[in-house]
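The values are calculated or read from the model by the stated rules, or taken from the named source; none is laboratory data. All figures in this text were calculated on a predicted structure; none of them were measured in a lab. All Cβ positions, even for glycine, are placed from backbone atoms using ideal geometry, and neighbour counts span all protein chains on display.
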Amino acid sequence: MKILIIATSHEQMGSSDRKTGLWLEELAVPYFIFKEAGALITLASPKGGLIPLDPKSESIIASTSTIRRFQKDTEAQSLLSDTVTIASQNAEVFDLVLITGGHGAMWDFPTFEPLKHLLEDFDRQKKIIGAVCHGVAALLPLENKKKECLIKGKNVTAFSNGEEQIWGLTSLMPFLLESELEKLGAHYSKAANFESHIAVDGNIITGQNPASSKELAKKMLLCLKTLPHLFEPVAN
């Protein structure tokens, strides 16, 4: 099993001096779930090389045993410091893709054409596309074979407006992800703030926030085993 994980290269929050990047939990938790399932993991980013981490995701408050394990794992740290470029990757090589978040994703994912083309290839090949938290922003520009918005009419979740407000970051965001998903016609759902919640619609599996990373990764592996059934028409 070969899995591609996508991470942001963006490290500055808008025009402010606040640092951002990948939220570490959204990589660390799925990483070990996938590794323990025997997967070969490739980590890619728009720019390649070192992934910027949101400093708050490494703080004592955010730290967990899984994050500390990831920080001490030589192989994991090597992947994090030397990612391949998204433009160099081919969907045919992988069984599924996971798009991680962190606020940095709000800036580089929605407008990065190589990512758009890569994810559309995953969809055309009917492979699982998972996205968590702000990583769901990568789904916004995607189109289906008919050049229609891919997520229109699909059940999705992502970091909510309420969660953004609690963080006090609404004014710094280029847009609000929940609002944009609804604007594009997606069927958005959410749980209480910062509680785990995922949405599944065919091969698209999304998680609301960092706390959803575990549930999302496990669901992606489960769906991989039953992949043909994800595309069977639902009986009326």
For residues in segment 1-26 being in contact (Cβ under 8 Å) with a residue 60 or more places away in the chain and out of contact with any Gly (no Cβ under 9 Å at 6 or more places or on another chain), which is nearest to Thr111 (Cα to Cα)? Gly14
Under 6 Å between Cβ atoms, which residue pairs at least 6 apart in sequence (or on different chains) link something in segment 33-46 that is aromatic (Phe, Trp, Tyr) with a partner that is surrounded by 21 or more Cβ atoms within 10 Å (Cβ to Cβ)? Phe34/Ile3
Need a quick list: helices (runs of 4 or more DSSP H) entirely within segment 78-184 having at least 1 residues that are in contact (Cβ under 8 Å) with a residue 60 or more places away in the chain. 105-108, 113-124, 177-183
Mind listing whichever residues of segment 185-198 are touching a Gly at 6+ places or on another chain (Cβ under 8 Å), under 15 Å from Cys133 (Cβ atoms) and part of a strand (DSSP E or B)? Ile198
Quick one: in segment 25-79, which of the residues that are in contact with a Lys or Arg (Cβ under 8 Å, 6 or more places away or on another chain) and among the aliphatic types (A, V, I, L, M) is farthest from Ser196 (Cα to Cα)? Leu40
Please determine, by comparing only the residues of segment 80-109 that are surrounded by fewer than 19 Cβ atoms within 10 Å (Cβ to Cβ), in contact with a helix residue (DSSP H, G or I) (Cβ under 9 Å, 6 or more places away or on another chain) and not small (Gly, Ala, Ser), which one is nearest to Gly21 (Cα to Cα). Thr85
What's the number of the condition Leu172 fails, among (1) touching a Ser or Thr at 6+ places or on another chain (Cβ under 8 Å); (2) at pLDDT 95 or above? (2)
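Residue by residue, here is whether (1) surrounded by fewer than 15 Cβ atoms within 10 Å (Cβ to Cβ); (2) at pLDDT below 95; (3) outside any strand (DSSP E or B) holds:
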site	(1), (2), (3)
Leu4	no, no, no
Ser9	no, no, yes
Ser16	yes, yes, yes
Gly38	yes, no, yes
Leu43	no, no, no
Lys47	no, no, yes
